[in-house]
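The values are calculated or read from the model by the stated rules, or taken from the named source; none is laboratory data. Values in this document were obtained by computation on a predicted structure and should not be read as measured data. Ideal geometry is used to build each Cβ from the backbone, glycine not excepted, and the neighbour counts take in all protein chains shown. Side chains are part of the model used for accessible areas, which takes the heavy atoms of the whole protein and leaves out ligands, DNA and RNA. Shrake-Rupley method; radii C 1.70, N 1.55, O 1.52, S 1.80 Å.
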Amino acid sequence: MEPDVTTAMAKRVEELQRLADSIAEHHPYWPALHFTLQLLGRLVEKWHEDFTGEEKEELLWLAEKIRESIEKIQTESAGG
């Protein structure tokens with residue numbers, strides 16, 4: 001029997017989230033990592049389903065948070 005790839009992906013995302021939350025919260029790249037993992041988690045959760053309109057809006061919000069986090073990294077790099 002083939003293992004459920006969705007379950008395996010979800011477990012790995014959860015592991016990465018726990019690791020990132022436990023060791024990197026003070027790091028300047030942490031917000032980008034956090035929101036990326038949140039977005040990835042949502043995608044994996046719905047791997048075999050369609051997204052509702054509200055869920056699509058949440059994905060866009062998360063993507064915007066990722067973009068903002070990266071812009072902040074660029075700004076801090078340019079200023080330092």
**OP:** Kindly provide the set of residues from region 58-80 that are surrounded by 14 or more Cβ atoms within 10 Å (Cβ to Cβ) and not aliphatic (A, V, I, L, M), ordered by number.
**Re:** Glu58, Lys65, Ser69, Lys72
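Hey, among Glu55, Glu49, Glu25, Glu15, which residue is closer than 22 Å to Asp4 by Cβ, open to solvent by 100 Å² or more (accessible area, probe 1.4 Å) and not polar (S, T, N, Q)?
Glu49
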**OP:** Could you check the chain for helices (runs of 4 or more DSSP H) lying wholly inside it with 1 or more residues that are touching a Pro at 6+ places or on another chain (Cβ under 8 Å) and modelled with pLDDT under 95?
**Re:** 53-79
